[in-house]
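Below: the structure, in structure tokens.
The values are calculated or read from the model by the stated rules, or taken from the named source; none is laboratory data. The structure displayed is predicted, hence computed values, not measured ones. Backbone-built Cβ (ideal geometry, glycine too); neighbour counts: all protein chains shown. Note: areas computed on protein heavy atoms with side chains; ligands, DNA, RNA excluded. Shrake-Rupley method; radii C 1.70, N 1.55, O 1.52, S 1.80 Å.
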Amino acid sequence: MASADSEIRPGTQEAIPQAVKIIVAGGFGAGKTTMVASVSEITPLSTEEVMTEASQGVDDLGGVENKTTTTVALDFGRITINDDIVLYLFGTPGQDRFWFMWDELAEGALGAVVLADTRRLDTCFHAVDYFERRGVPFVVAVNRFEGSTPYEAEEVREALDVPAEVPVLMADARERESAKEVLVRLVTHVIHSRSPALSG
Ligand SMILES: Nc1nc2c(ncn2[C@@H]2O[C@H](COP(=O)(O)OP(=O)(O)OP(=O)(O)O)[C@@H](O)[C@H]2O)c(=O)[nH]1
Ligand SMILES: [Mg+2]
């Protein structure tokens, strides 16, 4: 699998690795498992566990009180973007107490999707910070939930304080086409980030 250390010659697209590791991150309950499952062309691996009483008072359930399961390790899926690029998707666990997993998961990742739930935008701050600090190119996908205020992409950008070059787009993690569009946008962003001359 490709690693972050892979050499990509500036100005060439040919050197983009065929197998690209992508992280799907975001706050607790933002729709990471849903997105990996909806877009994956293989049966996705998921590590869902029923939330127990141990979760009460530990995990922040505000806004997602009806959630009964949570990812305890990772989600894994695969999607072929075109003849040259296959994405391997790794979804993070959302709860704060599993953050120790992130460094393992992010090792070798070339890009990331940060899923944002506008009802609980603060829960994705950590993901935004994390990828900014590691220099991993990312896009923000605003996952629309019923009953959430329909913010514009630019309002979300401002609230999260992400730079202009970071794409912020609306999405529905349950829809394959929508999820795929997010990933195609991410691939373009990764290529431009690594070869600024192309972003013209
Ligand atoms: N309305 C709506 N519901 C969604 C969307 N994406 C996910 N959901 C629902 O939101 C709930 C949480 O989704 P998950 O995919 O488990 O979220 P997660 O980010 O993997 O959660 P953790 O692993 O616990 O952090 C599920 O009941 C989904 O059906 C969406 O785009 N719109
Ligand atoms: Mg999950």
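Brief remarks follow.
- Scanning region 7-27 for residues that are farther than 11 Å from Leu115 by Cβ and either at pLDDT below 70 or assigned to a loop (DSSP other than H, G, I, E, B) (or both) turns up Glu7, Ile8, Arg9, Pro10, Gly11, Thr12, Gln13, Glu14, Ala15, Ile16, Pro17, Gln18.
- Residues that are assigned to a helix (DSSP H, G or I) and open to solvent by 80 Å² or more (accessible area, probe 1.4 Å), drawn from region 164-190: Arg176, Glu177, Glu181, Arg185
Matching residues to (1) on the phi > 0 side of the Ramachandran plot; (2) out of contact with any helix residue (DSSP H, G or I) (no Cβ under 9 Å at 6 or more places or on another chain); (3) within 14 Å of ligand 1 (Cβ to nearest atom); (4) at pLDDT below 95:
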residue	(1), (2), (3), (4)
Pro44	no, no, yes, yes
Val50	no, yes, yes, yes
Leu74	no, no, yes, yes
Arg120	no, yes, yes, yes
Phe145	no, no, yes, yes
Arg157	no, yes, no, no
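Rundown of residues vs (1) of a type in the set (Asp, Glu); (2) in contact (Cβ under 8 Å) with a residue 12 or more places away in the chain; (3) under 17 Å from Trp99 (Cβ atoms), yes/no style:
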{"site": "Val113", "(1), (2), (3)": "no, yes, no"}
{"site": "Ala116", "(1), (2), (3)": "no, yes, no"}
{"site": "His126", "(1), (2), (3)": "no, yes, yes"}
{"site": "Asp129", "(1), (2), (3)": "yes, no, yes"}
{"site": "Val142", "(1), (2), (3)": "no, yes, no"}
{"site": "Ala153", "(1), (2), (3)": "no, yes, no"}
{"site": "Val162", "(1), (2), (3)": "no, yes, no"}
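- Residues in region 29-46 that are of a type in the set (Ser, Thr, Tyr) and within 13 Å of the chain's Cα centre (by Cα) were compared, and the one that is nearest to Lys180 (Cα to Cα) is Thr34.
- Complete set of residues in region 82-134 that are away from ligand 2 (no atom under 16 Å from the Cβ) and polar (S, T, N, Q): Asn82, Thr118
- Residue match in region 158-166 (condition: under 27 Å from Ile85 (Cβ atoms) and of a type in the set (Asp, Glu)): yes
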